[in-house]
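Following: one structure in structure tokens, then a few remarks.
None of the figures in this text is laboratory data; all of them are computed from the coordinates on show. If you're wondering where the values come from, they're calculated on a predicted model, not measured in any experiment. Quick reminder, even Gly has a Cβ in these numbers, built from the backbone with ideal geometry, and neighbours come from all protein chains shown.
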Amino acid sequence: MVYIKKMLSAAGEDKESAAERIYQEERKTVNTLIAYASKKGFTYECAAALQQQINGKADLLDLAAVRKPDISGYNGVIIGGSIRASRLNRTVKRFCEMYAEELADKQAIGLFLCGLEKEKMQEYLHREFPQLLTEKAAAVSWLGGRMDLSQYNALTRWFLKRIMQEKDQEIKELIEVKPPGEAEEFLRKYHEVLNSRKA
Ligand SMILES: Cc1cc2nc3c(=O)[nH]c(=O)nc-3n(C[C@H](O)[C@H](O)[C@H](O)COP(=O)(O)O)c2cc1C
């Protein structure tokens, strides 16, 4: 890489290509942390998909496995959690509250939720994450949800079916919702802010 750079400058690289080259090189040095917690894997899959699509480097952090993570080396942080019984996963909530000020100082933050009550997601997004973070966030999105009854024991299955009945929902073994294009839009907004605030 250094050799190619030297070759270009030796060959009298024009301003435009130099700017493009520097921009592309800087993009590679941007570091994102994607912190999530997931009980049954859907939130993890969303986090892993974002990691694949993101510009620059991104580390995945399972908040259930690390109690006091060091988030200091990251330019941006994306945080994801799921909703159960109308509340955000407790581990994610605690992380947001403990690190709110440090997170708010990042160049960009993104917040995403997983759940099945599509119509309530805007309310949950703004109620469950600290206001300091929702105000600062470059992107705040609902990325869908999944409920696979085969992953639960008999008692939980019975309980979940009862809830579906109460809500007049069709009882299905597997419900999966993924709003089309939402993850791409989430990352687009996140990158826009991250790139505009480059130190
Ligand atoms: C016991 C239970 C309660 C749930 N409660 C809600 C809820 O109140 N609102 C909602 O939108 N989704 C609810 N869900 C759906 C989950 O948010 C959804 O399954 C999500 O994708 C789970 O993410 P995970 O696979 O990362 O654990 C519930 C799921 C379970 C199993």
Going by average Cβ neighbours within 10 Å, how do the peptides 123-136, 104-117 rank, with the highest at the top? 104-117, 123-136
How compact and how long is the chain, expressed as Rg and Dmax of its alpha-carbon atoms in Å? 20.0, 72
Can you give the net charge of the other residues whose Cβ lies under 10 Å from the Cβ of residue 104, counting K and R as +1 and D and E as -1? -2
If every Lys and Arg gets +1 and every Asp and Glu gets -1 at its Cβ, then about the Cα centre region 56-188 yields a dipole, in debye to the nearest 20, of 420 debye
Among the listed pairs 40/68; 167/189; 39/120; 57/167; 106/172, which have their C-alpha atoms separated by more than 32 angstrom in this model? 167/189; 57/167; 106/172
Here the Kirkwood hydrodynamic radius of region 93-151, Cα-based and in Å, equals 12.4 Å
With each label point set 7 Å from Cα along the Cα-Cβ vector, what nm distance links residue 154 and residue 60? 3.4 nm
Per residue and in cubic angstrom, what volume does the convex hull of the Cα atoms of region 61-120 have? 91 Å³
